[in-house]
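Asks: This is the structure I want to talk about, given as structure tokens.
The values are calculated or read from the model by the stated rules, or taken from the named source; none is laboratory data. Fair warning: this is a prediction, and the values are worked out from it, not measured in the lab. Counting neighbours? That spans all protein chains shown, and the Cβs are built from the backbone with ideal geometry, glycine included.
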Amino acid sequence: MAKAKGNLAIGQSGGPTVAINSSLCGVIQEALAHDEIGEIYGMFRGIQGLLSDQFIDLRRQSPDVIKGLRRTPSAALGTGRYKVTPRDHERILDVLKARNIRYVHYIGGNDSADTSLKLHKLAADAGYELHVIAVPKTVDNDLYGTDHCPGYPSAARFVATALRDTGRDTEAMGPASPVKILEIMGRNAGWLTAAAALAREEEGDPPHLVYVPERPVSVERLVDDVQRCYKEHEHVVIAMSEGAQEAPGKTLGEEYAPKEVDVFGHRMKGGVSDYVAALLRGRLGLKVRLDQPNYLQRSFMLCASPIDLEEAYRIGKKAVQEALTGRIEGMVTLTRDPGPEYHCSAGIASLEGIANREKKLPPGFMNEDGNWPTNAFLAYARPLLGEPWPPSSYVRLTKLFV
């Protein structure tokens with residue numbers, strides 16, 4: 001198939017991450033290398049930029065700025081959350097045709113994959129040649145068809161680093177302030193919360209308990225877990241998913257959660273750690289402190305995984321390469337290669353099997369009690385953090401009292 005000659009549009013959508021701009025850099029640099037691609041348009045604030053015909057001219061950016069995107073967090077084009085509906089279809093087609101846009105690359109997670117699929121179907125139904133290749137990104141790591149999602153390794157590295165260091169803080173406080181809860185992102189999937197277990201270097205190190213949405217825990221079981229750990233260590237550090245459940249479909253402390261939903265119909269999460277803190281104070285009489293790092297988890301460049309930044313860049317380039325082969329739709333994927341050394345190869349999968357689906361933690365990635373990740377999960381996640389990690393080797397004084 002002859003390569004379509006036309007312009008390219010790229011957008012960023014959903015939550016910004018450490019690595020999303022590295023993918024943007026990959027797309028731009030690869031597009032600049034091909035004569036088939038004319039103008040390179042950056043959608044300002046995602047699909048809403050296309051709807052409003054607001055584009056940033058990426059060909060006019062300096063090479064140093066484009067290169068610098070690889071080490072710049074957040075979303076350089078601006079991001080947004082907008083659900084495309086039938087009333088937008090005519091406007092989208094008008095802008096695509098007026099700008100002669102033949103290539104679209106949308107960087108994002110589940111809802112962005114849905115947007116990409118809608119663009120593909122809209123163009124196909126209208127008989128307009130458009131190559132839509134999505135680029136995955138989400139710290140939730142819940143996209144189907146890929147070993148992991150860019151953005152997740154760096155967020156996992158942040159969570160593991162934070163848990164290791166704040167755990168030392170709680171250990172030092174002891175009975176004076178013995179319980180710490182770190183609330184971690186992950187609406188319906190516990191991939192990021194499970195990464196907290198990577199903080200443990202020695203038996204007994206924090207975190208002591210890890211709770212994810214896939215493994216509901218009763219209130220009684222949670223209290224018993226905390227009481228047992230406190231008796232053993234005199235302090236307890238808990239990694240708690242914002243979507244942790246006490247029964248399937250019932251969030252822990254649902255009455256504490258926000259009531260609003262986003263434009264895609266997702267119920268906003270939050271409040272679980274406040275509920276658990278009140279529960280433990282009331283039942284066990286222990287002082288409980290909360291850490292809710294929220295957006296720090298996803299855009300903290302000092303904790304960036306070098307593997308994450310490299311893979312994000314590589315799949316950005318791959319998206320353009322796939323479009324130029326004549327492929328009409330798809331999402332770039334990562335497949336873990338066999339062998340003792342970690343490496344992932346970039347591939348491609350149809351958006352039909354990815355959009356509007358969530359990849360949950362497999363049952364084998366959590367223990368039978370549902371409060372700690374298994375060795376299988378640790379083997380999966382540890383290589384993603386990259387080197388050097390941990391950045392230092394901590395020690396403890398031997399308690400040789402006089």
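Asks: Please determine, by comparing only the residues of the range 245-287 that are among the basic types (Lys, Arg) and modelled with pLDDT under 70, which one is surrounded by the most Cβ atoms within 10 Å (Cβ to Cβ).
Replies: Applying the filter and picking the extreme gives Lys269.
Asks: For the range 155-175, indicate whether the set of residues that are in contact with a Pro (Cβ under 6 Å, 6 or more places away or on another chain) and under 26 Å from Ser350 (Cβ atoms) is non-empty.
Replies: No; the residues of the range 155-175 include none that is in contact with a Pro (Cβ under 6 Å, 6 or more places away or on another chain) and under 26 Å from Ser350 (Cβ atoms).
Asks: Would you please name the residue that is surrounded by the most Cβ atoms within 10 Å (Cβ to Cβ), looking only at residues in the range 56-92 that are under 15 Å from Val18 (Cα atoms) and of a type in the set (Gly, Ala, Ser)?
Replies: The residue in question is Ala75.
Asks: Can you pull out the residues in the range 274-312 that are under 22 Å from Ala346 (Cβ atoms) and either part of a loop (DSSP other than H, G, I, E, B) or assigned by TED's automatic domain parsing to the domain that holds Glu220 (or both)?
Replies: Hits for the range 274-312 are Ala304, Ser305.
Asks: Could I ask something else about it? Tally up the residues in the range 17-44 that are within 22 Å of Lys83 (Cα to Cα) and surrounded by fewer than 21 Cβ atoms within 10 Å (Cβ to Cβ), please.
Replies: 1
Asks: Okay, moving on. Can you say whether Gly26 is on the phi < 0 side of the Ramachandran plot and within 21 Å of the chain's Cα centre (by Cα), as far as the supplied structure shows?
Replies: For Gly26, the condition - on the phi < 0 side of the Ramachandran plot and within 21 Å of the chain's Cα centre (by Cα) - is met.
Asks: Assuming Lys3 fulfils every condition listed in (1) surrounded by fewer than 23 Cβ atoms within 10 Å (Cβ to Cβ); (2) modelled with pLDDT of 95 or more; (3) of a type outside the set (Phe, Trp, Tyr) apart from one, which condition is it?
Replies: Just one mismatch for Lys3, condition (2).
Asks: Okay, next question. Every residue in the range 351-376 that is in contact with a Gly (Cβ under 6 Å, 6 or more places away or on another chain) and in a loop (DSSP other than H, G, I, E, B), please.
Replies: Passing the criteria: Ile354, Leu361.
Asks: Output yes when any residue across the range 313-333 is of a type in the set (Ser, Thr, Tyr), part of a loop (DSSP other than H, G, I, E, B) and closer than 25 Å to Val237 by Cβ, and no when none is.
Replies: Looking through the range 313-333, none of the residues is of a type in the set (Ser, Thr, Tyr), part of a loop (DSSP other than H, G, I, E, B) and closer than 25 Å to Val237 by Cβ.
Asks: Evaluate the following for Asp169: is it closer than 25 Å to Ile10 by Cβ and either aliphatic (A, V, I, L, M) or modelled with pLDDT of 95 or more (or both)?
Replies: no
Asks: Look through Ala160, Ala155, Ala197, Ala172 and report the one residue that is in contact (Cβ under 8 Å) with a residue 60 or more places away in the chain and out of contact with any helix residue (DSSP H, G or I) (no Cβ under 6 Å at 6 or more places or on another chain).
Replies: Ala197
Asks: Quick check: is even one residue across the range 88-108 among the polar types (S, T, N, Q), modelled with pLDDT of 95 or more, assigned to a helix (DSSP H, G or I) and assigned by TED's automatic domain parsing to the domain that holds Gly26?
Replies: No, the conditions are met nowhere in the range 88-108.
Asks: Okay, next question. Within the range 149-162, can one find any residue that is within 26 Å of Leu284 (Cβ to Cβ) and not in a loop (DSSP other than H, G, I, E, B)?
Replies: Looking through the range 149-162, at least one residue is within 26 Å of Leu284 (Cβ to Cβ) and not in a loop (DSSP other than H, G, I, E, B).
Asks: Given Gln48, Gln12, which one is buried (at least 19 other Cβ atoms within 10 Å of the Cβ), in contact (Cβ under 8 Å) with a residue 24 or more places away in the chain and touching a Ser or Thr at 6+ places or on another chain (Cβ under 6 Å)?
Replies: When all the criteria are applied, what remains is Gln12.
Asks: Here is a further query. Check whether at least one residue in the range 167-179 is touching an Asp or Glu at 6+ places or on another chain (Cβ under 6 Å), part of a helix (DSSP H, G or I) and over 29 Å from Asp111 (Cα atoms), and report yes or no.
Replies: Scanning the range 167-179 turns up at least one residue that is touching an Asp or Glu at 6+ places or on another chain (Cβ under 6 Å), part of a helix (DSSP H, G or I) and over 29 Å from Asp111 (Cα atoms).
Asks: When you check Asp111 against the structure, is it assigned to a loop (DSSP other than H, G, I, E, B), touching a residue at least 40 places away in the same chain (Cβ under 8 Å) and either surrounded by fewer than 23 Cβ atoms within 10 Å (Cβ to Cβ) or charged (D, E, K, R) (or both), yes or no?
Replies: No, not satisfied.
Asks: Another question about this same structure. What are the residues in the range 219-250 that are in contact with a strand residue (DSSP E or B) (Cβ under 8 Å, 6 or more places away or on another chain) and either over 19 Å from Ala196 (Cβ atoms) or of a type in the set (Gly, Ala, Ser) (or both), if any?
Replies: Result: Val219, Ala239, Ser241, Gly243, Ala244.
Asks: A follow-up question, please. For the subset of the range 94-108 comprising residues that are closer than 17 Å to Gly326 by Cβ and of a type outside the set (Val, Ile, Thr), which member is surrounded by the fewest Cβ atoms within 10 Å (Cβ to Cβ)?
Replies: Out of the qualifying residues, it is Arg102.
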